[in-house]
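Note sheet for the following structure.
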Amino acid sequence: MEKALFIIIAVIAVAAALNVLIQRNPLYSALSLIGTMAALSVLYVMLRAQFIAAVQIVVYAGAILVLFIFVIMLLNAPKQQLQIDKQKGLRYLAIPLAGLLLAEAFYVVWRVQDIAMPVVKEGEEAVGTTWSVGVALFTHYLLPFQVAGVLLLMALIGAVVLARREGDK
Amino acid sequence: MTTDQLLEWTIKIGVIFFILLTTVAYLSYVERRVAGWIQLRVGPNRVGPFGLLQPLADGLKFIFKEDIIPREASKWLYLIAPAAAIIPALMSFIVIPFGSSVTLFGREITLHVTRFDVALLYILGVGSVGVYGVMLAGWSSNNKYSLLGGLRSSAQMISYELSLGASIVGVLLVAGSLDLVTIVEAQGATSGYWLGFIPKWNIFLQPIGFIIFFLSAMAETNRVPFDLPEAEAELVAGYFTEYSSMKFAMFFMSEYFHLITVTSMATTLYFGGWNGPFIAEYPFLSLVYFVLKVFIFIFIFMWIRFTMPRFRYDQLMALGWKVLLPASILNLIVTATVILFVN
């Protein structure tokens, strides 16, 4: 049952991801990306990580992709049919990089043979709940968590500086 | 998972679906009657006694109207958009607890479809996904009014989602859980009363949070004074200008579903959910309390709609980003500090 569900969801995720690349219209690409995100969220639920699954939907499908589509709609892309610049040099660079990525993926599949599913526990021992994620973030991973926060703040301030025009004071 | 459990779930979902559809149909009637009452008019009163069969007549009308697809529209997205609007609107109800548990046919039945650890995040998630229906409708219609409506709406929903989420975190800090059933039970009679008679509802702990939540929720449902996405005077009808027949009705219904969702959330998070006197003796009363509280909120929403003028667009954005968001973050800091010192 679980395996069948996994295969269905995985196929949807990969198909949607491929569709992102195939589509010429950026709006359809962005919409396919939502499909990938939703499928990933279901996979997280199957791995008993409800919190990550919910955050995946709230942050990626609900905020980031909404902004993507917002920008595409503002530019009104279908009228102009954005053409990707044919940069020959980059294309030759892309092939070895794609090969490297594929090799990495195969290496992971080859090395990691069988991973045990996380054991379902109750209460404070449970993995993947809001409580356990929160505790892990604020104890064991406090420094990376804070660093990530500062990084995001820097990006925010940078965006504000860039958005402000010269004349505005 | 036993067959009994599966059957219970299916029946519950079916019943909730039926009740919601009926409620939405009658909300359109209630809305017009309330509008008539506030504006010293009569409102629909011709079809059946007191006009009570009006929603039925409207439904029939929607079904028999011609369904038009604009020639220049991007057809698939145009067809998908109403579904993309209504499905997330319906999905949020499975976690809302609308009563305690009752015994039916010798079986204890809890009056919520399901409960899980991240129910509140789930509601926020499907709520934010609901914006796609509006955006796609605006874009695929290939009409400048629709597009402007869709753009406005997505900007508004993104902006107010932040303050909505941040105001809810205050309740989470107080309740210590994201599970709506736990949040309701924490506000119940078992946790006692303040001064012997004031119930332990979160509204008394989070008054500022509630005000922020209320304003943001009103903006999320696109209702006056936040109905910029469909400002009739400027945009004809906003994102669903080109839609007709049942597809138009689906947008209409999804807006009422959102209205019921946010009022249910306000009840659940701040006003004790289904709690009230005598629910231990008569569990069915919990259902009555919940419906009553939700309808009081719906009435307030309608009252505001027919009393207030619409915001200007820059005022709307300024309120969201410069007032509500900082206020909700401040509320969060104060709440967290107080909880730290009390415990």
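The values are calculated or read from the model by the stated rules, or taken from the named source; none is laboratory data. Computed from a prediction, not measured in an experiment: that's the story for all the values here. Counting neighbours? That spans all protein chains shown, and the Cβs are built from the backbone with ideal geometry, glycine included. Accessible surface is based on the protein model in full, side chains and every heavy atom, while ligands, DNA and RNA are left aside. Shrake-Rupley method; radii C 1.70, N 1.55, O 1.52, S 1.80 Å.
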*Return the Cα extents of the protein assembly as shown along principal axes one, two and three, sorted largest first, each rounded to a whole Å.*
75, 59, 58
*Take every residue in peptide A:134-146, count the Cβ atoms of other chains within 10 Å of its Cβ, and give the average of those counts.*
0
*Solution diffusion estimate, µm²/s, Stokes-Einstein, the range B:1-64, Kirkwood Rh from C-alpha pairs, 25 °C, viscosity 0.890 mPa s*: 178
*For helix B:144-175, report the angle its Cα long axis makes with the longest principal axis of the Cα atoms of chain B; keep it between 0 and 90° and round to the nearest 10°.*
0
*Lysine pairs, Cα distance under 30 Å, 8 or more residues apart or cross-chain: how many in chain B?*
15
*Express the Stokes-Einstein translational diffusion coefficient of chain B in µm² s⁻¹, to the nearest whole number, given a Kirkwood radius over alpha-carbon pairs, 10 °C and a viscosity of 1.306 mPa s.*
74
*List every residue whose amide H lies under 5 Å from the amide H of A:LEU47, counting only residues 5 or more places away in sequence or on a different chain, with H placed 1.01 Å from N in the peptide plane.*
none
*Under 1.5 on a/c is rounded, so check that first for the range A:1-77, then, if it is not, pick prolate when a/b is larger than b/c and oblate when it is not; a ≥ b ≥ c are the square roots of the alpha carbon gyration tensor eigenvalues.*
oblate
*Nearest 10 degrees, 0 to 90: what angle lies between the long axis of helix B:325-342 and the longest principal axis of chain B (Cα atoms)?*
10
*Per residue of B:154-166, what is the mean number of Cβ atoms on other protein chains within 10 angstrom of that residue's Cβ?*
2
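All other residues with a Cβ under 13 Å from the Cβ of B:VAL126 taken together, and with Lys, Arg as +1 and Asp, Glu as -1, what is their net charge? Numbers along the way, then the final one.
On the way: positive: none; negative: B:GLU161, B:GLU220.
Taking every Cβ under 13 Å from that of B:VAL126, the sum is -2.
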*Summarise the accessible area of the range B:67-342 (1.4 Å probe, protein heavy atoms) by the percent that is carbon and sulfur.*
73
*Apply the Karplus parameterisation 6.51 cos²θ - 1.76 cosθ + 1.60, with θ equal to phi minus 60°, to every residue of the range B:71-78 and state each ³J(HN,Hα) to the nearest whole Hz, in sequence, with x for glycine and proline.*
4, 8, 6, 7, 4, 4, 5, 4
*Rank B:HIS112, B:HIS258 by accessible area, highest first, at a 1.4 Å probe radius?*
B:HIS258, B:HIS112
*What shape does the range B:117-178 take by its C-alpha gyration tensor, where a ≥ b ≥ c are the square roots of the eigenvalues and a/c under 1.5 counts as rounded, a/b above b/c as prolate, and the rest as oblate?*
oblate
*Using a simple spin-label model with points 7 Å from Cα along the Cα→Cβ vector, what separation in nm is obtained for A:VAL147 and A:LEU102?*
3.4
*Arrange the peptides A:135-142, A:56-63 so that the one whose residues have, on average, the most other Cβ atoms within 10 Å appears first.*
A:56-63, A:135-142
_Amide H partners (placed H, <5 Å) of B:SER101, local residues excluded_ = B:LEU111
*asked:* Quick query: amide H of B:SER244 versus all other amide H atoms, modeled in the peptide plane; which residues come in under 5 Å with a sequence gap of 5 or more or a different chain?
replied: B:ILE68
*Residues of the protein assembly as shown: accessible area per residue with a 1.4 Å probe, Å²*: 57
*Using a 10 Å cut-off on Cβ atoms, rank the peptides B:163-174, B:243-254 from the highest mean neighbour count down.*
B:163-174, B:243-254
*Once both axes come from the Cα atoms, what is the angle between helix B:54-64 and the longest principal axis of chain B, in degrees from 0 to 90, rounded to 10?*
50
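Quantify how strongly other chains surround peptide A:59-72 by giving the mean number of their Cβ atoms within 10 Å of each of its Cβ atoms. If you can, show how the numbers build up before the last one.
Values: counts 2, 1, 5, 13, 5, 0, 2, 10, 3, 0, 7, 7, 0, 2.
Averaged over the peptide's residues, the number is 4.
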